[in-house]
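First up is the structure itself, then whatever we jot down about it.
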Amino acid sequence: MGEIITTKTAIKCYRFEGIDFIPEDRLLRWHDNQQTLLTDNESRFLASLCHLAGEVVSIESVYRYTFIYPNAFEDSGDHHYDLNILLLSLSKKLFRHGKMAIPIYIIPSYGFRVSLPNTAAVRNETSVLKKTPSWSNIAKKHTRKPFSLVIKTNYAIIFTTIIITLTLLISLYVFTIN
């Protein structure tokens, strides 16, 4: 029990100059080992732009790809997202050393464009998992010692016997008075 095992998982990563974007973790990982966490919406927005990188994408396509498809199975479809506010908050997180780490170009009256990443790769990350305990260990943990069970059972039997005896004595007393 308590053994440690590791597992490798494939994580999509868009690598730009000076920064890696990991959509599954909602994380911007700078090459100087600093990290910036994105909100769900920021991560979806940037992931859709990176997925369609190199193309000029209409506002409607980005909106659909970012919000409609991921929310297709949610109960209500009346979500309203403002891409301008989202772009502003994302730009603040991407701005570093006087420039945008991942430049998002705005094409007036049409949409957006992001340059192609240096690489769009699947990274293998090793994560540490605790080994689940075996059933025999779980059973040992949750079984009670037989001696304490016998004592608890004996207390219950004794208590029940006393209650029944008292009830019979009170009943006998009531009948003898009448």
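Readers should treat all values here as calculations from the given coordinates under stated rules, not as data from a laboratory. If you're wondering where the values come from, they're calculated on a predicted model, not measured in any experiment. Backbone-built Cβ (ideal geometry, glycine too); neighbour counts: all protein chains shown.
The table below gives the values:
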| item | result |
| --- | --- |
| Computed lengthening from Ser91 to Thr176, 0.36 nm per intervening residue step minus Cα-Cα distance | 21.2 nm |
| Distance (nanometres) between label positions extended 7 Å along Cα→Cβ at Ile106 and Asp82 | 1.3 |
| Computed label-point distance, nm, for sites Thr165 and Asp40 using a 7 Å Cα→Cβ extension | 6.5 |
